[in-house]
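The next block holds one structure in the form of structure tokens; read it before the comments.
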Amino acid sequence: MEGEAAHHLGRVLRAQTGQLYELSDGERVWLGRIESVGRDRVQFALVEELPAIHPSVDLTLLLAVVKFDWFEWALEKATELGVSTIVPLAAGRSEKALLRAAAKRAERWKKILFEASQQSRRVRVPELGEVAKPESTFASRKDGLRVMLSERATASPLRMVLKGQQATKATIAIGPEGGWTDAEFEAAQSCGFLEASLGRLILRTETAVIAALAALNYALGGE
């Protein structure tokens, strides 16, 4: 292990020779024993391969850009809840100043995903897509269960939308403060998205992320 990760392990966590750590390359997991600790390099001996636990559902989160503190908190929690891909959306009601600044935050967001993956002992770090328009992103999701959270009174409860579903691939779209525009609703519906509600209470975006992903894991997870 080299670079920043090795520096953190050796200088911040004060790792010592002989300590055991779980190591992953994104596909497989090993138990490793530290052989030496340098300034920016930690050398391991692989002791044994461990079972690699992968999520049973391939979850994609399409998340409208909101205030960065909230958005980044949502990224962290979505990672802990097992999403495989996150695509930030430039929704019609996202703040324009945030959208202009979003591209500069990509490296910070990737670091958040990486650290949250380590904390939750995930094998693979979620993929972060580029900021994209909702309409083109909806059109790119062509298979699996597709759900769009909605505050409209006509939306079916999420529990009803998920009832009986056995999908191994799912996409959920969560909008910004102020909700989706009519054009975004139409675009999602034309691409096979099911409109679903989390109830009568109006949730903040980051709260909706946790509630929706927990429901999807419960309904589709299997294990």
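Quick one: would you say THR154 is among the hydroxyl-bearing types (Ser, Thr, Tyr), in a loop (DSSP other than H, G, I, E, B) and either assigned by TED's automatic domain parsing to the domain that holds THR181 or under 29 Å from GLY199 (Cα atoms) (or both)? Against the criterion (among the hydroxyl-bearing types (Ser, Thr, Tyr), in a loop (DSSP other than H, G, I, E, B) and either assigned by TED's automatic domain parsing to the domain that holds THR181 or under 29 Å from GLY199 (Cα atoms) (or both)), THR154 qualifies.
Restricting the range 5-37 to residues that are touching a residue at least 24 places away in the same chain (Cβ under 8 Å) and loosely packed, with under 12 Cβ neighbours inside 10 Å leaves a set whose member that is farthest from GLU127 (Cα to Cα) is LEU20. Pull out all pairs, ordered by first then second residue, where Cβ-Cβ is under 8 Å, the residues are six or more apart or on different chains, the first lies in the range 123-137 and is within 14 Å of SER24 (Cβ to Cβ), and the second is charged (D, E, K, R) and assigned to a loop (DSSP other than H, G, I, E, B). Note: pairs meeting the criteria are VAL123/GLU27; VAL123/ARG28; ARG124/GLU27. Would you confirm, using the coordinates I've provided, whether GLY82 is in a loop (DSSP other than H, G, I, E, B) and over 16 Å from the mean Cα position of the chain (by Cα)? Judged against the criteria, GLY82 is not a match. Taking LYS104, is it basic (Lys, Arg) and either more than 17 Å from the chain's Cα centre (by Cα) or surrounded by 18 or more Cβ atoms within 10 Å (Cβ to Cβ) (or both)? In short, yes. Looking across the range 82-105, the residues that are closer than 25 Å to HIS54 by Cα, of a type outside the set (S, T, N, Q) and modelled with pLDDT of 95 or more come down to VAL83, ILE86, VAL87, PRO88. Could you tell me whether the range 171-178 includes any residue that is aliphatic (A, V, I, L, M) and part of a loop (DSSP other than H, G, I, E, B)? No: the range 171-178 contains no residue that is aliphatic (A, V, I, L, M) and part of a loop (DSSP other than H, G, I, E, B).
May I ask you to list the residues in the range 179-209 that are in a strand (DSSP E or B) and over 12 Å from ARG152 (Cβ atoms)?
The initial filter retains those residues of the range 179-209 that are in a strand (DSSP E or B), namely 194-197.
Hit for the range 179-209 is LEU194, nothing else.
Scanning the range 107-150 for residues that are in a strand (DSSP E or B) and under 20 Å from LEU216 (Cβ atoms) gives GLU127, LEU128, LEU145, ARG146, VAL147, MET148, LEU149.
The values are calculated or read from the model by the stated rules, or taken from the named source; none is laboratory data. Since we're looking at a predicted model, the values are computed, not measured. Don't worry about glycine lacking a Cβ; one is built from the backbone with ideal geometry, like all the others, and counts go over all protein chains shown.
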